[in-house]
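Reading through the structure tokens given below for one structure.
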Amino acid sequence: GQNADFDYEVVAKEGTTEFYEGTLTETYGYNGDLLGPTIRLKEGETVRVKVRNELDEPTTFHWHGLEVNGAADGGPHNPVSPGESQIVTLNVDQPAATLWYHPHPHGQTAEQVFKGLSGLLYVDGTEQKELGLPQRYGVDDIPLIFQDRMFDQNRQLNYDVLMNNDGTTGDVSLVNGTLDPELTVTQPQMRFRILNGSNARTYTFRLSNGASFTQIASDGGMLREPVDREELTLAASERAEILVDFSGTEAGEELALTDAEGTALLPFKLAFDKEEKQPDLKQGTAGQPFLTEEEKALPVSKRLELFGMMEMVTINGQKFDPDRIDLRQRKGVTEVWEVYNQPDMMGGMAHPFHIHGTQFKIISRDGKEPGPHEQGLKDSVQVEPGERVKLLVTFPETGIFMYHCHILEHEENGMMGQVEVY
Ligand code: C2O
Ligand code: CU
Ligand code: CU
């Protein structure tokens, strides 16, 4: 309202959710029992968000992918105590994108996310309207949060029992917090904004009929050009936007979004009238190179080595120390970060590497230009064992920002560092 001293209120609270008929599972949610409302901010606007902690433990409110200053970022340095409220000012100065928000209190991030604290945060721009992309929320522009979960014998999310130090995984997939989801498709052209909100699991998505779909956006906004794909892999915390053309399918046809093994994660119920035309996918940047010659010529100035598994995870041989600044970088100055995933005797494992406060570009993977599906802004990048990934990193705001593995249990185990932007 006009007289309120904030534009949005986000309250972390306890609740219960009926995943299984007749059983209430204890969960956490923002403004409700599970997950949170989709927050929509406009490119260029400044909003005041009142955050409130109604949990019995400290939490933080992190805006994953939003390029805000360190004080507003909601990292482990910005705790909100039980019962406390704060007003956070978010300056939205980046292109349209599908971002998200989640807690980040050190030592409790993984458990709080596992219990249900996550929500989507969209940056809306004008560009998407002009492209004619589907944009009716819940009609042809659908948020899809995928999270794997496991319930104990009492059908509770007992984190202590289920916790795994390489990342808590589950035997069931929730879509938008629903255990047996189904999506009624009412329009022939659908846009899905997909978040892999799992603690650890990497998802590979396909259509059950093997048809291709069109990826239009990565973590931080539109791709340089739309890409036709038959599968989409998202590591923990990554997002993508895809367009699926249902116009060739018949009513009653069985169709689903599946994982790599063909297990249906999201069955579709087709119920549309076939009268819409296809969007015009010419994107503004398609003619331009992804990286300029100057950007390609920049030398590496920061090197990060990811190492280990379980409790033994480190970055550059060290575990997170909240009192240690690991890197410094000037605001607005672009640097090349080289992230190397050092294999161990067991071969090692992939780590989804995330940086706060920036949307970066992938310059290369083992010296090779990224595929067209990665030619867009990113804030998380999957780094395979033995792989060397170069990133073009600019921070538009000052403050202290985390970088870490987004397998949340690795992050808790200390696979995190901090960069001071000055
Ligand atoms: Cu999704 Cu450190 O954050
Ligand atoms: Cu983040
Ligand atoms: Cu990791």
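A short reminder: the numbers here are calculations on the coordinates, not readings from a lab. As the structure is a computational prediction, the values presented were derived from the model and not from experiment. Don't worry about glycine lacking a Cβ; one is built from the backbone with ideal geometry, like all the others, and counts go over all protein chains shown.
A few comments on the model shown:
- Taking the charge dipole of the chain about its Cα centre, with +1 at Lys and Arg Cβ atoms and -1 at Asp and Glu Cβ atoms, the residue from Leu144, Gly248, Gly44 reaching farthest to the positive side is Gly44.
- Share, in percent, of DSSP beta bridges within the range 141-270 that are antiparallel, nearest 5: 75
- Amide H to amide H distances under 5 Å link Asp7 with Arg48, Val49, Lys50, where only residues 5 or more positions off or on other chains count and H is placed in the peptide plane.
- Residue-wise HN-Hα coupling along the range 138-148, computed from phi with Karplus coefficients 6.51, -1.76, 1.60 (Hz; x: Gly, Pro): x, 10, 10, 10, 10, x, 10, 9, 9, 9, 8
- Beta bridges by DSSP in the chain, antiparallel share as percent, to the nearest 5: 70
- Taking the chain and dividing mean pair separation by its residue count, relative contact order in percent (alpha carbons under 8 Å, at least six apart): 15
- Farthest positive-ward along the chain dipole, Cα basis, beta-carbon charges - from Leu35, Val113, Val421: Val421
- Gaussian network model of the chain, Cα within-10 Å springs - most flexible of Tyr122, Tyr28, Tyr20: Tyr20
- Over 29 Å apart at the Cα level, from the set Lys115/Lys361; Lys115/Lys378; Lys13/Lys361, are Lys115/Lys361; Lys13/Lys361.
- A simple charge model with +1 on the Cβ of Lys and Arg, -1 on the Cβ of Asp and Glu and nothing else charged puts the dipole of the chain at about 940 debye relative to its Cα centre.
- Given +1 at the Cβ of Lys and Arg, -1 at the Cβ of Asp and Glu and no other charges, the dipole of the range 141-270 around its Cα centre is 300 debye to the nearest 20.
- Base-10 log of normalised Debye intensity for the range 86-193 (one unit scatterer per alpha-carbon) at q = 0.16 Å⁻¹: -0.91
- Residues whose placed amide H lies under 5 Å from that of Leu99, excluding near-sequence neighbours: Leu121, Tyr122, Val123
- Top of Asp148, Asp171, Asp180 by mean-square fluctuation, Gaussian network on the chain, Cα under 10 Å: Asp171
- From phi via Karplus (6.51, -1.76, 1.60), per-residue ³J(HN,Hα) for the range 234-245 in Hz, x at Gly/Pro: 10, 7, 3, 5, 6, 10, 8, 10, 10, 10, 10, 9
- With loop membership from DSSP and a limit of 16 other Cβ atoms within 10 Å, the longest segment of the chain without trypsin sites (Lys or Arg not before Pro) is 1-135.
- Structure remark: mean-square fluctuation, Gaussian network model of the chain, C-alpha springs under 10 Å; the largest value among Pro299, Pro322, Pro37 belongs to Pro299.
- Convex hull of the chain built on C-alpha atoms - directionally averaged projected area, nm²: 20.9
- Converting phi to 3J(HN,Hα) with the Karplus coefficients 6.51, -1.76 and 1.60 and the offset θ = phi - 60°, the range 174-184 yields 9, 10, 6, x, 9, 6, 10, x, 8, 10, 7 Hz in sequence order, with x at every glycine or proline.
- For the range 8-125, the relative contact order works out to 31 percent when only alpha carbon pairs closer than 8 Å and six or more residues apart are counted.
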